[in-house]
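The values are calculated or read from the model by the stated rules, or taken from the named source; none is laboratory data. It should be emphasised that the depicted structure is a prediction, and the values quoted were computed from it without experimental measurement. Neighbour counts run over all protein chains shown; Cβ positions are idealised from the backbone, glycine included.
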């Protein structure tokens, strides 16, 4: 996937941060980012010699200077606050330290400075309290996916698609979408998988496009994920805490990007999303990570995206049947409803120790149980 002109600097920084991660295959990262090994190693060499400034085109001035130190501490604090209007004392301090400031006040002193200049709304500050949640042990064990509530633009509406790594809070996708169709999500996920590889599991809610049947929460999109070897989980209805990290990400995204802004169109949205995503992943200190950045804890998955899916195969003892139109499964003279999402796919039936009870599998996933003890007319 070629680097976009509007965010070449951001993509170079993301590339080198991922490529220098421990146990990462540099050539594989080059392939996923659509650059030649020669170009990739060039940016890695410049980064090692010059830091972030080395990633800028030689004919351009670096956007940030890591050696710059403000002579006035208050001015440095106020400038950081102006850049990130919802950051508090802890995040500003962590970011100033990361930028190389030799003398940085404590979080309480920075907060006092912000209060002195009337830059903190007491009611808004009361809403920002630390969250304590379970997290997975390593990157790519679980990704959380959801749509942020859509909002109006000057032309149409924007539906932001967000995908977050559970362990690192790294945002692997933030896309300005025109709709919430499964085909749209699949297109963006394909680009995401090509960049970062495949997670072991993804969790999402029960709404479209990843769930639309109460008893059979499968859609063409989730079936495609299962074909890729990704386990699919759904949050409990009316329990957004199941995707708590992504919900928290949405609050931050709304506060730092969407509030009090009017966008022209999807392209305008995407430019703003890309710029903020770079800040969120690589600059913004995350309190739940000990004020580290998500990028410091993330690395790409070793499971590469297959451009061609392998054939579906089952064991010699399985009873294999193809799911018919409407999601019906014909077996031993009976018809059972599975899910129309599996139309045209082969599934395997396996008997259970209980007479008349059979389990239905799609690949390695148990998707249904059929019971011959229930009469046809029930």
Please list, ordered by first then second residue, the pairs with beta carbon atoms under 8 Å, 6 or more apart or interchain, first in region 76-89 and free of Cβ contacts under 8 Å to residues at least 12 places away in the same chain, second surrounded by fewer than 21 Cβ atoms within 10 Å (Cβ to Cβ).
79/70
Scan region 118-126 and tell me whether some residue there is over 30 Å from residue 185 (Cβ atoms), over 31 Å from the mean Cα position of the chain (by Cα) and modelled with pLDDT of 75 or more.
no
Given (1) closer than 28 Å to residue 139 by Cα; (2) at pLDDT below 75, identify the lone condition not met by residue 10.
(2)
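So which residues in region 14-23 are surrounded by 13 or more Cβ atoms within 10 Å (Cβ to Cβ) and modelled with pLDDT under 85? Full working, then the answer.
Filtering region 14-23 for residues surrounded by 13 or more Cβ atoms within 10 Å (Cβ to Cβ) gives 14-21.
The answer is 21, and nothing else.
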Report every pair of residues separated by at least 6 positions or lying on different chains whose Cβ atoms are under 6 Å apart, first residue within region 225-242 and over 26 Å from residue 307 (Cα atoms), second modelled with pLDDT under 85 and not in a loop (DSSP other than H, G, I, E, B).
235/242; 235/243; 236/242
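For every residue, the table says whether it meets (1) surrounded by 14 or more Cβ atoms within 10 Å (Cβ to Cβ); (2) within 20 Å of residue 362 (Cα to Cα); (3) within 18 Å of the chain's Cα centre (by Cα).
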residue	(1), (2), (3)
228	yes, yes, yes
248	yes, no, yes
257	yes, no, yes
279	yes, no, yes
288	yes, no, yes
294	yes, no, yes
297	yes, no, yes
301	yes, no, yes
313	no, yes, no
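Provide a single number: the residues in region 24-39 that are outside any helix (DSSP H, G or I) and either more than 14 Å from residue 12 (Cβ to Cβ) or over 22 Å from the mean Cα position of the chain (by Cα) (or both). Please lay out each step first, then the result.
Keep residues of region 24-39 that are outside any helix (DSSP H, G or I), which gives 24-25, 34-36.
From what is left, the residues that are either more than 14 Å from residue 12 (Cβ to Cβ) or over 22 Å from the mean Cα position of the chain (by Cα) (or both) are 24-25, 35-36.
The number of residues fulfilling the criteria is 4.
In region 167-200, what count of residues is obtained for those that are touching a residue at least 60 places away in the same chain (Cβ under 8 Å) and closer than 12 Å to residue 143 by Cα?
Initial filter on region 167-200 (touching a residue at least 60 places away in the same chain (Cβ under 8 Å)): 167-171, 174-178, 190-191, 193-200.
Within this subset, residues satisfying the condition of being closer than 12 Å to residue 143 by Cα are 167-171, 193, 196-200.
Counting residues in region 167-200 that are touching a residue at least 60 places away in the same chain (Cβ under 8 Å) and closer than 12 Å to residue 143 by Cα gives 11.
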